[in-house]
């Protein structure tokens, strides 16, 4: 086994960038209504103008605006009604000065008209005449051809996380399917002789398997597919066959537990046995989460997470979440919450520290209240809404200081 | 049809609170790994201590701490090794002064020991003796029984949105299933003679059906089930039968389009025809989104959204999103993003205004940059990351002012 010094998070991310650059996802065509939460794998352009006809935004009358210039409540202008436009239908009416036609909201404004006067501002004198009581500017109450989107406009860019309103703009352009990145396929393997089915009867000394469940849920929340979930005893041969099998069909293998320097540490040995380059990170300067392993073999990404559930969650967020976003070429979409720290928080010398916090809403922002408890309590992470990162070699955070909270 | 004056958003929310208070969701038992994104329908307590035995957080030796008091690098103390604890196993070793046993990370600390000395701080003299080189405090490197969770502690409270780390704490307590609220069942009906299949060939004057797709996607994103998606011509009898059919099995019926005051407005009439109290909101002082209808009939919630897609999205966010969260008794979980507004933004007199913005990250926060374009462009909403609400009867927002951005 190679001896590697402990890296900072930044160094680990740079090594991952270097080694994992050639791991790529395939793309797949999907119906747009199934794309929410997926990431666009190509730029998408519009083949049409939106709208593709001049559309009224009000119920009213299509007019030549200059007919109404100078009119007001007491001095109306009288205009001849020459027809009405039906919703969803084309029209052969042509408007000229002194002529008008009724158009409902969303209906086509006939050629010749350059404004819509709202029905609230007219009076129907008889079936052939209206009195208009408001001066109306050219362009008023009309969405013109291409006002929203012009043919050839880029609607969605590669790397965009698709949200419901993006489905909206794609539908508006009549686009049925787009290319999205396939879901990264992942295998979650927990190791440890003490790990037991969490819902069975435990022998005294055994520990419930938390990581398989938590890590799988985090992967699915990020948009990855979990193809393998298994618990393996801390034995070299058993873990080796499990990892070997998982390498076939997955992009990412996550092994939790077995990455401390204890007597039964086999994760690093197994990763090294899978092929070159093997383990390239063994230990990360982060609290909690030091015993972290990152490696590559057979063109796949392999992570060894600490067995401790809280450490595993933190390292997942920092490394694997980051990597999955990279793999999907996803732009930074995860907002952090600016907040004011409620008390002084100390840092750990030489390690980046993750401090769990609760967020309290105040009028124009949030207060971040650090949560304390026995180090690494899973109950603490469940109570927390997020965490603050305190970089190594800093003094910590002062009460009243601005912080950025990453949501959990 | 009753004549109702235009309400403010706050008034609409209060009327909804009043009328919808008796609409309830059923609860269902679900396996915890399927609960992410669902809302807890009951408080959940732990039947166990976590951990349920004193657990070592390091690879090292279980000791009576006082054996090491005063020792250091040059003055070690020698301690007799009387055994070793195996991972995941109980032990019958008992530690007393001058005795020790090896315990791996996560292993059980034998009775009698009150601290763990890390393997880095000892030297194995022979198989029966170690030299300890560090003074170790009582309790050091041990998680004691119940340190994380005490039997009877509340793990999850009713109304909590379940996240992966909550699955973690539930697994840690051996809880297989919890009660969550069923998904609210919803029907999405778009009306309008001009509305056409977005992926077919449009007749000139027709408009692609955007709302069915966008509203359904927003509902699913919020955790609701969409059981009906349909497009109906703007005819009273057709819409009436569609709504009648949808009322049977759904909690919420959403009708988009048909809620302006145009000639073909039938939504309000149909809702009134379904039963008491019928429509109780007809018009909301919001820009965009004025022609909003809210009603109740046969114990179900009915909404008439503006046909315009952007208005429909805004009204959905403000009313329906809010209501679905209420229905699930979900605590406020949607964080807003505090930001600094980059320019002056004007308000619309007498209406609450929704200004779309893009968020730009700066060192310790975000800048909200208003996006402008033709009013109600769906492309604008797709480009936006969120919006700012400008209350009615305010002067607008000044450049440099703090704002809270609601994410889209």
Q. Under the rule of -39500 (n - 2.57) per DSSP H run of 4 or more residues, summed and divided by the residues of the protein assembly as shown, what mean residue ellipticity at 222 nm is obtained, to the nearest 500 deg cm²/dmol?
A. -5000 deg cm²/dmol
Q) Between the range B:99-144 and the range A:134-184, what is the C-alpha centre distance in whole Å? A) 65
(Q) Of the candidates A:270, A:381, A:345, which one comes out as most mobile in a Gaussian network treatment of chain A with C-alpha springs shorter than 10 Å? (A) A:345
Q.
If packing is taken as the average number of other Cβ atoms within 10 Å across a peptide's residues, how do B:234-247, A:123-136 rank, most packed first?
A. B:234-247, A:123-136
Q) Got a sec? How would B:361, B:163 order by Cβ neighbour count within 10 Å, fewest to most? A) B:361, B:163
Q) In angstroms, what radius of gyration and Dmax does the range B:1-104 have, counting Cα atoms only? A) 30.4, 94
Q) Helix A:211-222 versus the longest principal axis of chain A: what is the Cα-based angle in degrees, 0 to 90, to the nearest 10? A) 20
(Q) Between B:396, B:295, B:139, where does the largest GNM mean-square fluctuation fall for chain B, given springs only between Cα atoms within less than 10 Å? (A) B:139
Q | Share of Cα-Cα pairs in the range A:337-407 lying beyond 14 Å, as whole percent | A | 55
**Q.** Max mean-square fluctuation residue, GNM over chain B, Cα-Cα springs under 10 Å, options B:180, B:362, B:286
**A.** B:362
Q) Arranged by the count of other C-beta atoms within 10 angstrom, fewest first, what order do A:231, B:357 take? A) A:231, B:357
**Q.** Antiparallel bridges, percent of DSSP beta bridges restricted to chain B (to nearest 5)
**A.** 65
Q) What ranking do A:120, A:363 get, fewest neighbouring Cβ atoms within 10 angstrom at the top? A) A:363, A:120
Q: Report the antiparallel proportion of the DSSP beta bridges in the protein assembly as shown as a percent, rounded to a multiple of 5.
A: 65
Q | the range A:143-215, Cα convex hull volume normalised per residue, Å³ | A | 141
Q.
How shielded is A:191-197 by partner chains, expressed as the average number of their Cβ atoms within 10 Å of its Cβ atoms?
A. 4
Q: Report, in degrees rounded to the nearest 10, the 0 to 90 angle that the Cα long axis of helix B:236-247 makes with the longest principal axis of chain B.
A: 20
Q | Percent of beta bridges antiparallel (DSSP, the range B:337-407, rounded to nearest 5) | A | 90
Q: Using only Cα atoms, locate the centre of the range A:343-403 and the centre of the range A:280-306, then give the distance between them in Å, rounded to an integer.
A: 24
**Q.** Folded to 0 to 90 degrees: helix A:9-20 orientation relative to chain A principal axis, Cα
**A.** 80
Q: Report the dimensions of chain B along its three principal axes from the alpha-carbon atoms, largest first, rounded to Å.
A: 96, 50, 43
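Taking only the alpha-carbon atoms of the protein assembly as shown, what semi-axes of the equivalent ellipsoid follow from 5 times the gyration tensor eigenvalues under a square root, in whole Å, largest first?
Square roots of five times the eigenvalues give 62, 26, 24 Å.
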Q: Restricting things to alpha carbons, find the Rg to Rh ratio for the range A:55-143 using the Kirkwood radius for Rh.
A: 0.92
**Q.** Computed log₁₀ I(q)/I(0) - Debye formula, equal Cα scatterers, no solvent, the range A:17-176, q 0.10, 0.18 Å⁻¹
**A.** -0.51, -0.98
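A short reminder: the numbers here are calculations on the coordinates, not readings from a lab. A quick note: this is a predicted structure, and the numbers were derived from the prediction, not measured. A quick note on method: Cβ atoms are made from the backbone with ideal geometry, for glycine too, and the neighbour counts reach across all protein chains shown.
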